[in-house]
């Protein structure tokens, strides 16, 4: 009897994924049951700004206009629509002394360096549950604009080599606070996954041009296509690790979102609202992680093609995956794309 299972190879990193179709579930079987989180003690909600660090960037509503500001001292500005603050419990801490920012201590085989960097939070809306599938396109665009400002500012820090924007949605995906927010971590190293992608893209770029440009164009016409807008392609990747994983890729080559025009940002807000909305409607708002893969900070190498990857937390990586680096997925991307595309509004 012919096996329905198969290996697929990731087109960028070369990582293998096993698609165990015989173990698959129907799309509806992945639906997630969640209870609405209370806003009673949420420190990100308006009126509780004093419980968080002062904002280094604020978007304030002034009539029909949105103006930029920041908190000064102990004073917290009310009437905000976007609030960017330092993380009260940071993974990395900015080192005030430039002389120690790049200090590396080695004693083979035990290598280490100081845990310096920056960890910030972008509160995406004053409305507690204004997540991308519920928020307006305008609100999402404002959040993207603020995140771009912070990415640009952090990328100018001399010791920073990589800036990562990500979102944890749902307790199972690592969100300790339910209020709509994203996080930014700026590091003095290039994380392994991003460095691996960069090397693969650079190798392809030198031979045949941008790999992700070709992939995006091909996938927008494949059975894995979910949505195509003027500036972005949304599709389930060929060798997805997670059930219902999807990527949002700029159709025009660009190394980082910082270079995006206002029209592109608005179009990205639309693509995010539609695709995250389809995910929520298909699976009853499941937990997920989304990560912006951006090119190295201040790099003159234009081989990298920035994009967003979204990983729904519908399965658990166990011993085989953790021990081998080869993943098992029970949902073919073609089926995931068909289910998500049917929920696009």
task: Provide the packing ranking of 137-143, 271-277, i.e. peptides ordered by the mean count of other C-beta atoms within 10 Å per residue, highest first.
output: 271-277, 137-143
message: Roughly how far apart, in whole Å, are the Cα centres of the stretch 110-147 and the stretch 177-195?
response: 10
message: Suppose R0 equals 51 Å. What FRET efficiency, 1/(1 + (r/R0)^6) with r the Cβ-Cβ distance, do residue 107 and residue 4 give to the nearest 0.05?
response: 0.50
task: Find the Rg to Rh ratio for the stretch 219-345, where Rh is the Kirkwood radius over alpha-carbon pairs and Rg uses the same atoms.
output: 0.99
- line: Over the chain, the sum of -39500 (n - 2.57) across DSSP H runs of at least four, divided by residue number and rounded to 500 deg cm²/dmol, gives at 222 nm -7500 deg cm²/dmol
message: With a 10 Å cut-off between alpha carbons and a GNM built on the chain, which of 134, 113, 221 moves the most?
response: 113
- prompt: Measuring from the lowest to the highest alpha carbon on each principal axis, how far does the chain reach, largest first, in angstroms?
  reply: 71, 50, 39
- prompt: Spin-label point model (7 Å from Cα, Cβ direction): what's the residue 50 to residue 199 distance in nm?
  reply: 5.3
task: For residue 31 paired with residue 138, estimate the spin-label separation in nm (one decimal), with each label point 7 Å from Cα along the Cα-to-Cβ line.
output: 3.4
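Bear in mind that the values in this text are calculations on the coordinates, not laboratory data. Quick caveat, the model's predicted, so the values are computed rather than measured. Positions of Cβ are backbone-derived with ideal geometry, glycine not excepted, and every protein chain shown enters the neighbour counts.
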